[in-house]
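The values are calculated or read from the model by the stated rules, or taken from the named source; none is laboratory data. Since the structure is predicted, the reported quantities are computational estimates derived from the model, not experimental observations. Glycine also receives a Cβ, built like all others from the backbone with ideal geometry; neighbour counts cover every protein chain displayed. Just the protein is used for accessible areas: all its heavy atoms, side chains included, with ligands, DNA and RNA removed. Shrake-Rupley method; radii C 1.70, N 1.55, O 1.52, S 1.80 Å.
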Amino acid sequence: MSRQAEEEDMIHEEQNDTESASMYSTAITAGKIILASTLLISAISSSMGVNPFPVADANVLGDGSDHRRLSTASESVPTYMKNLIDDLKERTKLMEETPPEEVKYWFEYTGPLQKYFYRYSNSRGKADYFEGRDDSGVVSARFVEEAGGGSEFKSFFQDTASIPRDEIPAHTRLLDNCLAMGSPSRPNVGKGTSWYDWFGGSASDESAAMDRCRVLIALNMVGAGKGTTMLWETAPPKPHTAEPAPWLSEQATAATHLERNLKEIDAMCATGQIAARVQVLVCEPIPGVWTDWMDSMMPNCGGKPALIPKAGDKDPYADGAEVEDRPSPVQVVVVAGASTADTCHDLKSGFMEKRMQDLILAPPYLAGDSEKKNLKRDNLDPTVKTTHPDLVSSDDHDLYIAMKWSSLVTVRSVSAFLQASADLAAAAASPNNQETASLETKSDGVTVTVGNSPSSPFLLPSFVRVSYVSEENNKVAKWRMHGDFFHPAAWEICKDSFDMAWIPDSLSGSGGVNGLCYGKNPEATARKLNGGSDGCGQWWVYFAEEQMPTSPEIRASEVTQPIVQGGSNFIWMLTERHRKEMVQLKVCEYNAGDDEEKLNKCGEFPQAVIPLGDLESFMINFTPNTALGKKHNPGRTPGYSREQEHEIDREKVRERKQLKGQEDIEKALFDYTVYPAALFHKDATIKAVRARDTILTKERDEELVGPQTVKSDYYDVTITKPRQPVPSWCQAIARKGLCALYADYFRQGTDGRCLEACGMKKNWSKIYSGVLGN
């Protein structure tokens, strides 16, 4: 039986614990969150001179019927949905033709077998491998061979030659969101500019030089190497070879991970909607051959492709290569001097993490003394960058990405972040959310009204790193994962690290920040779930704890805290509007000094959130895959807010002494954090469901185990009944990030079958008979 099936079989054992945890977390949430977004005030008064929040007067969520289907054969299905419709037909056929006694959970694992190569045998001349399927929905360098964020995202953004005219807004949603949340200052795209040289195309294709989403990627290269040798002291991979590339383990060299990231960035530019530039941050100067190689990996972003050597030609990188004096999408920045180089190389110092924050935020107090004296002027705009003009980061950008070389960034993560940011902006601009919170908002502990109060913290979509088990991991971690090499798991968070929040009106349509839950035509938007009784918005994961890396990264995070509470230092994103709000906050704190009264007026740091319906898009593959099986430092483990309860649970396990290999099991359960992606999704869903069930159940039967009024259509099933094809189909859609990618269909169309899986159903599924699975 698969790991996921085993988790689901234990659902009844977990429901009591989950229900109490939900009530605990809702109490925390009620105390912590009366959240607004100072970031989003600027969304109301855009400096572009146009209304950044056009009002939606079209369909929102359909009629909300649990069993609704496409009403007529003539009803249009977008071309990008046809593969999914065929997939549902295949799932339905499978269920109909398979004898009931043979159907368990295996039918959910679809797709071709994948191979994980884990060891190379010199004697046999081939690599050993396991076969399996990674159905987690997470994009990884291990199981997703081609760059582009996965097959669905690659085809959606790059195969654009035959898009029907009425589907163009769906395909340009990424760009629209980016422009709405980005800088109002736009680039010069005329002939003779570097922009035109990079993106102008042929003389016959003048439209190719259109505006794009300008993305700056700051790449932290500290710790990159090949074994004990620093990466820059080795030769870069050959760009063109006649023979197949030799097999390398994931831990052999950082070059393979850098190469994959550069290919993913190049794939972003290949969409025609993104213009990416990479700022490579190093501690000491690096050979020009590496700069030239990185440039050649990004031809769609303006780099110069490496020449294909002819027969008999020597390796062009053998004797080094001169960097041409031309505009390049790659800039190498040495962030340390002779006196700070050693500190920069120290992974525990937090030095590079601080440099990344300073380069991207560029607060004015980092400038010279003359600029510091002017910080308190009334007419000062603190968001204007004062860093050196030669730095690429000093230019205007729409989106900023700060990441370590070991984190995999894709067009999927960029698209998901921009959509989530637009959704939160739509909630902040909602006229419904500017009024006093309703009684339910005050009492249920999960409904969070996001408005535009300047004194409240704002919400910022954030990321969680996940790793796969590898051949170098600790044996205990392998046991904990049941030998599963095909499912990624987090190690910096656990079940107790987050709460759940329902944010009304947090749905944005196409065309930028465009609220779907309010507009000129209330009757049209009242078609939200069940005639409007179920609310219009989304469920969000709200991080109640800080993420807890293992050593040495935990030391770096203590020295330089993440810019987002609950966020990560090793992959984070900001739009230009986010950046401006954060700079204003930091300048306020700088001016306040030690004055507590003034500090309290500055506001709080942003809080990390993730949309439940697009959870896997915010799970970032830690590409070396060596994280699992490492112990956390004492007192710095995920779930630290409930440490005493964990000790009580551990003592109960000790008292039982019933299991074979008791000591190993105890270590695996309590000494190592291995939190599979599927379990994260399940726990988040169950927390949200139980919170609503507690509120909606008027008279609770204390003797009845499990939910009593509402349930999860996917997770709350009996172990004696197989799941029906539609909930499984919808869950697979959510895991792949298609709820957000195909938002025009799932949010604005009439097909409401996947509202629950996409996190847009506040009251989940009603229990009619009181029995789960019916």
Query raised in the report: Given the conditions (1) of a type in the set (Phe, Trp, Tyr); (2) at pLDDT below 95; (3) closer than 21 Å to Trp572 by Cα, and given that Phe417 satisfies all but one, which numbered condition is not satisfied?
Result: (2)
Query raised in the report: Does any residue in region 539-559 that is within 30 Å of Cys758 (Cβ to Cβ) and charged (D, E, K, R) come within less than 8 Å, Cβ to Cβ, of a residue that is open to solvent by less than 10 Å² (accessible area, probe 1.4 Å) and in a helix (DSSP H, G or I) six or more places away or on a different chain, and which pairs are these?
Result: Glu545/Ser497
Report summary line: Of the residues in region 128-156, those that are assigned to a helix (DSSP H, G or I) and over 18 Å from the mean Cα position of the chain (by Cα) come to Ser155, Phe156
Query - Single residue of region 671-692 satisfying the filter (out of contact with any Leu (no Cβ under 9 Å at 6 or more places or on another chain) and of a type in the set (Gly, Ala, Ser)) that is nearest to Thr626 (Cα to Cα) - result: Ala678
Report task. Check region 167-185 and report whether any residue there is part of a helix (DSSP H, G or I), open to solvent by 30 Å² or more (accessible area, probe 1.4 Å), in contact with a helix residue (DSSP H, G or I) (Cβ under 8 Å, 6 or more places away or on another chain) and touching a residue at least 12 places away in the same chain (Cβ under 8 Å). Result -> yes
Query - Enumeration of residues in region 227-248 that are assigned to a strand (DSSP E or B) and surrounded by 15 or more Cβ atoms within 10 Å (Cβ to Cβ) - result: Met230
Report summary line: A careful count of residues in region 765-774 that are at pLDDT 75 or above and closer than 15 Å to Val726 by Cβ gives 1
Requested in this report: Starting from residues that are open to solvent by less than 10 Å² (accessible area, probe 1.4 Å) and among the small types (Gly, Ala, Ser), keep the ones in region 536-567 and report whichever is farthest from the chain's Cα centre (by Cα).
Outcome: Ala556
Query raised in the report: Of all residues in region 396-436, which are open to solvent by 40 Å² or more (accessible area, probe 1.4 Å) and in contact (Cβ under 8 Å) with a residue 40 or more places away in the chain?
Result: Asp396, Pro431, Asn432
Query - Residue selected from region 636-647 under the condition of a type in the set (S, T, N, Q) and at pLDDT 85 or above, by the criterion surrounded by the most Cβ atoms within 10 Å (Cβ to Cβ) - result: Thr637
Query raised in the report: Taking region 684-737 as the search range and keeping residues that are in contact (Cβ under 8 Å) with a residue 60 or more places away in the chain and hydroxyl-bearing (Ser, Thr, Tyr), which one is nearest to Pro611 (Cα to Cα)?
Result: Thr685
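Do we find that Thr383 is in a loop (DSSP other than H, G, I, E, B), over 25 Å from the mean Cα position of the chain (by Cα) and modelled with pLDDT of 85 or more in this structure? Quick ask: steps written out before the conclusion?
Numbers: in a loop (DSSP other than H, G, I, E, B): yes; over 25 Å from the mean Cα position of the chain (by Cα): yes; modelled with pLDDT of 85 or more: no.
Spelling it out, it is not the case that Thr383 is in a loop (DSSP other than H, G, I, E, B), over 25 Å from the mean Cα position of the chain (by Cα) and modelled with pLDDT of 85 or more.
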Query raised in the report: Residue check: is Leu391 at pLDDT 90 or above and touching a helix residue (DSSP H, G or I) at 6+ places or on another chain (Cβ under 6 Å)?
Result: no
Query raised in the report: Any residue at all in region 444-451 that is modelled with pLDDT under 70 and touching a strand residue (DSSP E or B) at 6+ places or on another chain (Cβ under 8 Å)?
Result: yes
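Restricting attention to region 155-165, does a residue exist that is farther than 22 Å from Pro299 by Cα and small (Gly, Ala, Ser)?
Pass one, region 155-165, residues farther than 22 Å from Pro299 by Cα: 162-165.
With small (Gly, Ala, Ser) added as a condition, the list becomes 162.
Within region 155-165 (the criterion being farther than 22 Å from Pro299 by Cα and small (Gly, Ala, Ser)), the answer is yes, since at least one residue qualifies.
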Query raised in the report: Val705 passes all but one of (1) open to solvent by 10 Å² or more (accessible area, probe 1.4 Å); (2) part of a helix (DSSP H, G or I); (3) over 20 Å from Ala420 (Cβ atoms); (4) touching a helix residue (DSSP H, G or I) at 6+ places or on another chain (Cβ under 7 Å); which number fails?
Result: (2)
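Assigned to a helix (DSSP H, G or I), at pLDDT below 95 and of a type in the set (S, T, N, Q) - does that describe any residue in region 363-373?
Here is the first cut: in region 363-373, the ones assigned to a helix (DSSP H, G or I) are 364-366, 369-373.
This time we only want the ones that are at pLDDT below 95, so: 364-366, 369-373.
From what's left, of a type in the set (S, T, N, Q): 370.
Yes, region 363-373 has at least one match.
For every residue, the table says whether it meets (1) closer than 25 Å to Ala490 by Cβ; (2) exposed (fewer than 15 other Cβ atoms within 10 Å of the Cβ).
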{"site": "Lys126", "(1), (2)": "no, yes"}
{"site": "Glu131", "(1), (2)": "yes, yes"}
{"site": "Val139", "(1), (2)": "yes, no"}
{"site": "Ser162", "(1), (2)": "no, yes"}
{"site": "Phe199", "(1), (2)": "no, no"}
Query raised in the report: Among the residues of region 592-635, which ones are modelled with pLDDT of 85 or more, assigned to a loop (DSSP other than H, G, I, E, B) and under 25 Å from Met500 (Cβ atoms)?
Result: Pro606, His632
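Return the residues of region 251-264 that are in a loop (DSSP other than H, G, I, E, B) and either among the β-branched types (Val, Ile, Thr) or buried (at least 21 other Cβ atoms within 10 Å of the Cβ) (or both); say none if nothing qualifies.
Our first condition is that a residue be in a loop (DSSP other than H, G, I, E, B); within region 251-264, this holds for 251-254.
Result: Thr253, single match.
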Requested in this report: Select from region 575-624 the residues that are open to solvent by 20 Å² or more (accessible area, probe 1.4 Å) and of a type in the set (Ser, Thr, Tyr) and list them in ascending order.
Outcome: Tyr590
